1. For the protein assembly as shown, what does -39500 (n - 2.57) per DSSP helix run (n ≥ 4), summed and divided by total residues, give at 222 nm, in deg cm²/dmol to the nearest 500?
2. Quote to one decimal, in nm, the extra length available between residue B:485 and residue B:184 on full extension: 0.36 nm per residue of separation minus the C-alpha distance between them.
3. For the range A:189-225, which trypsin sites (Lys or Arg not before Pro) pass both filters: DSSP loop (anything but H, G, I, E, B) and at most 16 other C-beta atoms within 10 Å?
4. GluC sites (Glu not before Pro), restricted to the range B:329-428: which are DSSP loop and have at most 16 other Cβ atoms within 10 Å?
5. Does the range A:1-157 come out rounded, prolate or oblate, given a ≥ b ≥ c as the square roots of the eigenvalues of its C-alpha gyration tensor, rounded meaning a/c under 1.5 and, failing that, prolate meaning a/b above b/c?
6. How many nm separate the modelled label positions at residue A:102 and residue A:22, each set 7 Å beyond the Cα in the direction of the Cβ?
7. State whether chain B is rounded, prolate or oblate according to the following rule on the C-alpha gyration tensor (a ≥ b ≥ c being the square roots of its eigenvalues): a/c under 1.5 gives rounded; otherwise a/b larger than b/c gives prolate, and the remaining case gives oblate.
8. By counting other Cβ atoms within 10 Å of each Cβ, how are B:237, B:522 ranked from fewest to most?
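Readers should treat all values here as calculations from the given coordinates under stated rules, not as data from a laboratory. Everything numeric in this text was worked out from a predicted model, so none of it was measured. Neighbour counts run over all protein chains shown; Cβ positions are idealised from the backbone, glycine included.
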Amino acid sequence: MDTSQKEHETMVHVSINGREYDVPAGSTMVQAMWYTGHEVIHGIGCLGGVCGACATVYRMKGDFRLRNALACQTLVQDGMSFSMLDSYPIQRAHYDVASLTDPKEELFTFYPESATCRNCNACTEVCPQGIDVRDSVWRANFGDFKAVAELTMSCVMCGLCVSRCIAEMAPHEIALYARRAYGAKELPFPTNLRTRLGEIEKGIFSKEMDRLLALSPEELKKECEVKS
Amino acid sequence: MSDLVDSFYAHMPEFDETPPSALSPEERASLLKSFYPDYRPEGKATIRVGPNAGTVVPEEVATLLESRSRIEGPRLIPDHPDRDVDVLIIGGGGAGITAALHASEKGASVLLATKLRVGDSNTVMAEGGIQSALGEGDSPVDHFRDTFRGGHGANDPALLSVLVQEGPQMVEWLISRGILFDRDPQGNLSLRKGGGTSRPRLISAKDYTGLELIRVLKEDVVNAPVEILEFSPAVELLQGPGGACAGAVLWDLDSRKYLYVKARTVILATGGTGRLHLGGFATSNHFGATGDGLCMAYRMGAKLVHIDSFQYHPTGVIFPSEMAGMLITEAVRGAGARMYNRLGRRFVNELETRDVVASAIIRECSEGRGVPTPSGASGVYLDLASIDREAGEGTVLKRFPNIVKLMTRHQVDPTRFPILVYPTLHYQNGGLQTDPNGHTSISNLLVAGEASGGLHGTNRLMGNSLLELFVFGRRAGLEAVKESRERAPFSWKEVSMAHVDHFEQALAREFEGADRPMAPTLFPDYRRKDS
């Protein structure tokens, strides 16, 4: 809830979508938009920094540099101008992970542009999650999907990397493909899950489960009362 | 650090690590009764109209259920529906996506309508993990017993036995989609401990579990033969012959037009009610969690169960205030994080069930042992430093990178400074009454996920809601296909909103014509009132 006014007496001067406002210091960009009467629908999802809906572009007064952020997670500062990028157009591959046969080669079928990275590093510089995006693209190209998975685990799919890529690829989609292929095709199936599935299949828990289900509500409550 | 954060942390007590004494069952019950919001008399109202009349619920829930439609009478419908499908799924979180994938696989025509984008839901925010009994010496039976005890024995045993027995099969499905869960060095799924459980049973993807699930399943549903309508929340259900559900009216948020969908079966996967801010609590929920499915189905006569029961997650951030409500996963307490009051003392075993821990925090704060914040709230310290001390430097960063990232953005380094927390409205324990195949008390209206009730009893254990989405999302999807095939054909001429007219007449009688608030509200309104 928006209680930030109480904590911060001071106001800062910002520009939202090209219009100037004074808003309380200590507000996030989204809270500043509410404060100034904006109804934000496109551009809001979780308000918790993980859904990637609120990619935003901003500049600070007196600085030519263009910066990016997640609006629900970024505090306004005096002299900030910002606009939300509600959705960035992307091209997404159409595939079923289960039917991949040679995922490392098929990467170039689904995302041929991934081989055209020109190493400018703009994607890495723009990533609000601090991911080494450029490295992840190269690791994907070289087939090291495990490394891609480790590098990009925190990706919120906001698409800011796409907005800066001079080769016009979608690094976050390439990473998603590589992670999925790694999980479904490369990693061995977990032994503890295999064992448990086999036991359930054999029905070795059914007798005890049926016994519990046959108890009266009171008996069942009593039976479950203590931690086993 | 900013000045505000700096001065807040300038005065901290010495932390005394002495464990608090264990609670007897009687002490636990009395703590809950005295402090847990569900059991407190203030802010409650008795439902007067509809199938749950007589139930005492939070005022905001009564307002939601006893509300008027967004569509004003006379409720005429167009000559032809805009869409005609086998299965309409309302809601694009974990349960809705899972239902859509399973229904479309069976060859049904599926329309998935959702309020924001596909995946914008509480699922994507889930940090902690999925409970599934995979450990040696663990079993689905133990999972059943822990959940039943945690839910205060109010759980529906039939639903719960399905959850625990089909859980591992759904984990297998998730892995086959390429979802990456944490592994131990032998390649097993790592199992972590959650509150109220007798065994480590949580599988997770660091503290990004929900994000990892949604990224993958969203790509699958977008690539599946499913029509997806985003920014199109349902605002009313449609009624067909015999009072069965026959579709829904969607509201296009951009064109501001209604869209009429005829469907042979409808699945409600609309999630919970956190953004109604029950009792003024902050919430960990996503922006659209306004209980839409509950009020639409209630008007149609669907029964609700445990709709007086909500989960206030113990550890929501309360300072800095711009983060209010954001969740710190229970997994940090499973990993050894401790809580301290203003005097620097521990006051509850950190691995009690969520309702007990939340009650203990509320007790500390209401009895003057809370830590005051500059905005006039109060909370207790949640100290993660003990995790690194016990499990080795860097453990917090390795296992909880998201928490470190989010807190650091707000100038608090959680590996060095304790996080100030207070309970946050997190989950709707009850919901639409259902059975193992997702049926509600209305024909051809199914439910899955947080919108349903009965599985968790009156207190949910960590990790059971993610598991529920997949187990019952799949079942609802398959059942919807079966029902849509078995249903006798009906004409659009037989479809109406007569149930809404009847419900509003009943409201007018009971409230003597007084104006009722409109619902679903779709979103909270945080705009400054004089802006």
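1. Details: 26 runs with 252 residues, N = 759.
Computed mean residue ellipticity for the protein assembly as shown: -9500 deg cm²/dmol.
2. On the way: separation 301, 0.36 × 301 = 108.36 nm, distance 4.50 nm.
Result: 103.9 nm gained on full extension.
3. On the way: sites: A:194, A:196, A:202, A:207, A:211, A:221, A:222; in loops: none.
Loop-located and lightly packed - none at all.
4. Working: sites: B:330, B:350, B:352, B:364, B:367, B:390, B:393; in loops: B:330, B:350, B:352, B:367, B:393.
Counting only loop positions with at most 16 other Cβ atoms within 10 Å, the GluC sites (Glu not before Pro) in the range B:329-428 are B:367, B:393.
5. Numbers: a/c = 2.78, a/b = 2.26, b/c = 1.23.
It is prolate, given that a/c is not under 1.5 and a/b is the larger ratio.
6. It works out to 6.7 nm between the two label points.
7. Numbers: a/c = 1.85, a/b = 1.48, b/c = 1.25.
It is prolate, given that a/c is not under 1.5 and a/b is the larger ratio.
8. Working: B:237 26, B:522 19.
Arranged by neighbour count, lowest to highest, B:237, B:522 become B:522, B:237.
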